[in-house]
Amino acid sequence: MDVMDDFLAARSQMALSLGFHIVYSCIGMVMPFFMAVAHFRWLTTGEAVYKNVTRAWSKGVAIFFVTGAVSGTVLSFELGLLWPKFMLHAGPIFGMPFSLEGTAFFIEAIALGFFLYGWERFHPWFHWFTGLVVGISGLVSGILVVAANAWMNSPAGFDFVNGQYLNVDPIKAMFNAAWLSQALHMCIAAFAATGFAVAGIHALMLLKGRNVAFHRHAFTIAAVFGALAALVQPLSGDFSAKDVARRQPAKLAAMEALFHTEKPAALVLGGLPDEQTQRVNYAVRIPGLLSFLAHGNFSQEVQGLDRVPAADRPPVLVPHLAFQLMVGLGTFMMGVAALFFLALWRRKAWLQSRWLLRLFAAATPAGFLAVEAGWTVTEVGRQPWIINGVLRTADAVTPMPGIAYSFYLFSAVYVSLSCVVVFLLSRQIRMVPALYDVAPPTALA
Amino acid sequence: MPFMSYVVIAYLFLAILLYLLLGGADFGGGIIELFTSEKNRHLTRQTVYRAIGPVWEANHMWLIIAVVILFVGFPRIYTTMSVHLHIPLLLMLLGIIARGTAFGFRHYDAVHDRMQAVYNRIFVYSSAVTPFFLGVVAGSVLAGRIDPGAPDFWSAYVASWLHPFSVAVGLFTVALCGYLAAVYTVGEAKTAADRQRFVRKTRLLTAVTVGAGGAVFAAAYREGIPLLHWVLGNAVGRTALGLATASLGLLWYRLGRGPAALLRVLAGFQATMILLAIGYAHFPDFLLVRGGPNLSLVRELAPARTVQALGEALLLGSLFILPALFYLYYSFERDKSRGVSVDG
């Protein structure tokens, strides 16, 4: 039997680990904010349903925190296990956000300890505050980790002279040119994805007519967060696109499937790029629009892959399709969000309608699919580099053979872990009537 | 050497020590279930949970702090370990995944049914597997079998860690974790009968740990590793070993009726002295390489500005972490003494 090539196996294992971690950690960093809102409403209104929602969500947060914490621990080792030649040089340069992230993550764990075990034990507002700290420190962790990834796209804080990494400045490396646009886009994406996923599950329960008041309150909080994020995300997407066009023209060309430099450049919608013939089949072209999206005017030149040396070109098919998927899902979520806010302000009757709930239930996975697609764009679009323009991914991989077996092992572990998480969540949801929605909501009492 | 270099090195050892004491006791919580009869298992489990429940996540953060210090501050040490100890590190990671999730899931599963037994079994076995491979990694760092120029798969990636010395250190680590947890539980006992049970378990685990320690010396002797000389060849090592032995005698004597805090401090002190006795002889060398040169904490230090920034980040982080962590431990100790139940 042919065993997978070590380099491909290492890349697959890294992609798999990050692909799972990104979901666990997004939920773990965003849900505490939903929880804090519900908790705030409980403390200010005294309506028991808000307390019940808070308690139910806190169990979800705990489950995702546990999985996020272990998958994050694994990643801190995998960086070295899979990419030692990268870490040997990059560790001291891009390590600053990780050393701060250690603190933020630690604070998050401590605050979660206070929050989960602190009911009726501390002053109610101190207890509320510890829940908020879980969210804030989680968000800070997320921003720091993304800043480290941004450095791989936009290396800074060192001089690369004859293969040596000189004049290392970790602070400059942390505040590299890509950190702001990437961190902004990722954080908003986390809110949109988690908001839609949580709202979708509660919408489904409402459609089934179970524990209506409980799920209605939970749905509204999650939907407001998710919809708000989905509406502002295109702005940060535009900011990111212009940033990538300036810093990484090769990545932009790959995600837009622009094989040849164009002036003005057309936006390629959909289509199937053929890397052999350098053409995009079955696509819709909108003249001049790519020039506008990348540079702000309809006539400017956009660099195609023909300007990139053949050995330095990223793959095109995967980034282009992933990018189309991300934008498509984002647009769909934006539409649902617009309808939701219209309902909230002008069409109250829609909120009770089944079609809106069905729309939300259908959108449950949309945000996380978009997150995975966006992650694929940024990682595959950076290839063949692990440090853009400095170190090739193929030169960074571990010398140890047989990585395929480790990849199979991790695949099995992560898939079964995810099955258990889904199993636990379904049990949590099924037990809502018995565990959480016990006191009759005051609205009905 | 600039001041911040000392800060970074001190924090590396502090993180390793705290992970051994806190994370180790946490592993031990699972390990002592292996030493517990079926009928007392529930009591042991409840007691362990009461002792570590609220703080168990925080206990494992020290490992992440240690890893981050290694890869930011000592990149060559981190990458050499990653390459040549890939296999035991991988097995340790599988243990960490299994254990962390099993512990969390057994507590946060909304339905308490037969799945609890599954979580328990995974938790107990991974509680032993994880510190075993941690110990194997620690033993391999000291054994001097890591060979960057090794010609073949076996000598580069297997012989670097698979030898009697590192296996003995792995077993000793498991025993030590169990011992620490057993001492912690003595202080958690609610009745005199419970205390007697936990005292018996602690005596058993003390004997096992001392025996495993002897096995480490025997394996070192057989492998030609001058462990005895490292520990007894200098005044610091001799003093540390002497104090550890004396405090073990005191602990043994006071186990039946001494206050919980004293017992815990003594057990923690012993673990600290063991780490000191073993680490001191080589300092500042950290990772011993076959044929040398060894990887030293001084020579392998990252560039100056990185060390400065890392040291500042660690000091700044401590300002947030230590008071919050202290208050967390304090709050739950206070509530336990008031008899408030610790349930999520």
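Taken together, the values in this text are just the output of simple stated rules run on the coordinates, not laboratory data. In this text the structure is predicted, and so the values were computed from the model without any measurement. As a convention, Cβ positions derive from the backbone with ideal geometry for all residues, glycine included, and neighbour counts pool all protein chains shown.
Neighbouring Cβ atoms from other chains, within 10 Å of the Cβ of residues in A:397-407, number 3 on average.
Treating the beta-carbon of each Lys and Arg as +1 and of each Asp and Glu as -1, no other charges, what is the dipole magnitude of the stretch B:284-336 about its Cα centre, to the nearest 20 debye? Mind showing how you got there, number by number?
Details: 5 positive and 5 negative charges, 20 e Å.
The calculation lands at about 100 debye.
Cα-based values for the stretch A:96-147, radius of gyration first and Dmax second, are 12.0, 39 Å.
Efficiency by 1/(1 + (r/R0)^6): what FRET value for A:Phe40 and A:Leu8, r their Cβ-Cβ distance, R0 = 51 Å, to the nearest 0.05? Intermediate results must be reported in sequence, preceding the final value.
Details: r = 49 Å, r/R0 = 0.96.
Efficiency, from the Cβ-Cβ distance: 0.55.
So how many Å³ per residue does the convex hull of the Cα atoms of the stretch B:191-344 work out to? List each step's numbers first, then the result.
Details: hull volume 27.7 nm³, N = 154.
Dividing the Cα hull volume of the stretch B:191-344 by its residue count gives 180 Å³.
Label positions at A:Leu269 and A:Trp119, each projected 7 Å from the Cα along the C-beta direction, are separated by 5.0 nm.
Translational diffusion coefficient of the stretch B:3-116 (Stokes-Einstein, Kirkwood radius from Cα pairs, 10 °C, 1.306 mPa s): 98 µm²/s. In this calculation the C-beta distance from A:Ala310 to A:Leu166 is compared with R0 = 30 Å, giving a FRET efficiency of 0.50.
Give the dimensionless ratio obtained when the Cα radius of gyration of the stretch B:79-192 is divided by 2.2 N^0.38 Å. Spell out each step's value before the answer.
Values: Rg = 17.6 Å, N = 114, 2.2 N^0.38 = 13.3 Å.
With N residues counted in the stretch B:79-192, Rg over 2.2 N^0.38 Å equals 1.32.
For A:Lys348, the lysines whose Cα comes closer than 21 Å to its Cα, not counting residues fewer than 8 places off in the same chain, are A:Lys208. Using every pair of distinct Cα positions in the stretch A:1-100, the Kirkwood expression returns a hydrodynamic radius of 16.2 angstrom.
Hey, if you put +1 on the Cβ of every Lys and Arg and -1 on every Asp and Glu Cβ in the protein assembly as shown, which of A:Trp350, B:Tyr11, A:Ala434 ends up farthest toward the positive end of that dipole? It is A:Ala434. Among A:Ser71, A:Ser426, A:Ser240, B:Ser155, the ranking by other beta carbons within 10 Å of each residue's beta carbon, starting with the fewest, stands as A:Ser426, B:Ser155, A:Ser240, A:Ser71.
Between the Cα long axis of helix A:84-94 and the first principal axis of chain A there is an angle of about 70°, rounded to the nearest 10. Annotation for B:Arg334 and B:Arg238: the two label points, set 7 Å from Cα along the Cα-Cβ direction, are 4.7 nm apart. Ignoring lysines fewer than eight residues from A:Lys263 along the same chain, the ones with Cα atoms less than 30 angstrom from its Cα are A:Lys242, A:Lys251. For A:Tyr282, B:Tyr184, B:Tyr221, the sequence from fewest to most other C-beta atoms within 10 Å is A:Tyr282, B:Tyr221, B:Tyr184. For B:Lys201, give me every one of the lysines with a C-alpha distance below 29 angstrom, ignoring sequence neighbours fewer than eight places off in its own chain. Within the straight-line cut-off, B:Lys201 pairs with B:Lys39, B:Lys190, B:Lys336. The helix-only estimate of mean residue ellipticity at 222 nm for chain B, built from DSSP H runs of length n ≥ 4 each weighted as -39500 (n - 2.57), is -26000 deg cm²/dmol after division by the residue total.
Taking every eigenvalue of the Cα gyration tensor of the stretch B:202-286, multiplying by 5 and rooting it, what semi-axes result, largest first, whole Å? Walk me through the intermediate numbers first.
Values: eigenvalues 133, 48, 17 Å².
One finds semi-axes of 26, 15, 9 Å for the stretch B:202-286.
Along the axis of the charge dipole computed for the protein assembly as shown (Cβ charges of +1 for Lys and Arg, -1 for Asp and Glu, origin at the Cα centre), the listed residues B:Ser296, B:Gly24, A:Thr378 are led at the positive end by B:Gly24. Summarised as an ellipsoid, the stretch A:371-445 has semi-axes of 46, 19, 8 Å, derived from the eigenvalues of the Cα gyration tensor scaled by 5 and square-rooted, with the largest first.
The Cα center of the stretch A:1-80 and the Cα center of the stretch A:181-237 differ in position by 15 Å. Between B:Val158 and A:Ala338, the modelled label-to-label distance comes to 6.3 nm, taking each label 7 Å out from Cα in the direction of the beta carbon.
Shielding by partners for A:81-88, please: the mean number of other protein chain Cβ atoms within 10 Å of each residue's Cβ. Before the final figure, lay out the partial values.
Values: counts 10, 2, 2, 10, 2, 1, 8, 8.
Averaged over the peptide's residues, the number is 5.
Tell me, what is the Rg over Rh of the stretch A:26-436, with Rh the Kirkwood radius over Cα pairs?
Result: Rg/Rh = 0.99.
Close amide-amide hydrogen proximity is noted between B:Leu287 and B:Leu295, each under 5 Å apart and 5 or more residues distant or on a separate chain (H modeled in the peptide plane; Pro and chain starts excluded). Listed by Cβ neighbour count within 10 Å, with the fewest neighbours leading, B:Val298, A:Val318, A:Val284 appear as A:Val284, B:Val298, A:Val318.
I need the calculated FRET efficiency for the pair B:Lys39 and B:Glu223, taking r as the beta carbon distance and R₀ as 35 Å, to the nearest 0.05.
Step by step, r from the Cβ atoms, then E = 0.25.
Over the Cα atoms of the stretch A:16-161, the radius of gyration divided by the Kirkwood radius equals 1.08; this is the Rg/Rh ratio.
Ordering B:Leu93, B:Leu180, B:Gly279 by Cα displacement along the dipole of the stretch B:3-338 toward the positive end leaves B:Leu180 in first place; charges were set at the Cβ atoms of Lys, Arg (+1) and Asp, Glu (-1). With K and R counted +1 and D and E -1, the other residues having a Cβ less than 13 Å from that of A:Val134 yield a net charge of -2.
How large is the convex hull of the Cα atoms of chain B per residue, expressed in Å³ as a whole number? Don't jump to the answer; show the numbers that get you there.
Values: hull volume 48.8 nm³, N = 344.
Output value, Cα hull per residue: 142 Å³.
Taking every Cα-Cα distance in the protein assembly as shown and sorting them into 10 Å bins starting at zero, the pair-distance distribution P(r) comes out as 3, 13, 22, 24, 20, 12, 5, 2, 0 percent.
To the nearest 20 Debye, how big is the dipole of the stretch A:47-121 about its Cα centre, given +1 on the beta carbon of each Lys and Arg and -1 on that of each Asp and Glu? Walk me through the numbers before you get to the answer.
Numbers: 5 positive and 5 negative charges, 25 e Å.
Magnitude of the dipole: close to 120 debye.
Dipole magnitude for the protein assembly as shown: computed about the Cα centre from +1 point charges on Lys and Arg Cβ and -1 point charges on Asp and Glu Cβ, it is near 2320 debye.
Do any trypsin sites (Lys or Arg not before Pro) in the stretch B:231-323 lie in a loop, going by DSSP, with at most 14 other beta-carbon atoms within 10 Å of their beta carbon, and if so which? Please list the in-between numbers first.
Numbers: sites: B:Arg238, B:Arg254, B:Arg257, B:Arg264, B:Arg290, B:Arg299, B:Arg305; in loops: B:Arg257, B:Arg290, B:Arg299.
In loop regions of the stretch B:231-323 (DSSP not H, G, I, E or B), the sparsely surrounded trypsin sites (Lys or Arg not before Pro) are B:Arg257, B:Arg299.
Seen against the Cα atoms of chain B and their longest principal axis, helix B:115-143 is set at about 30 degrees.
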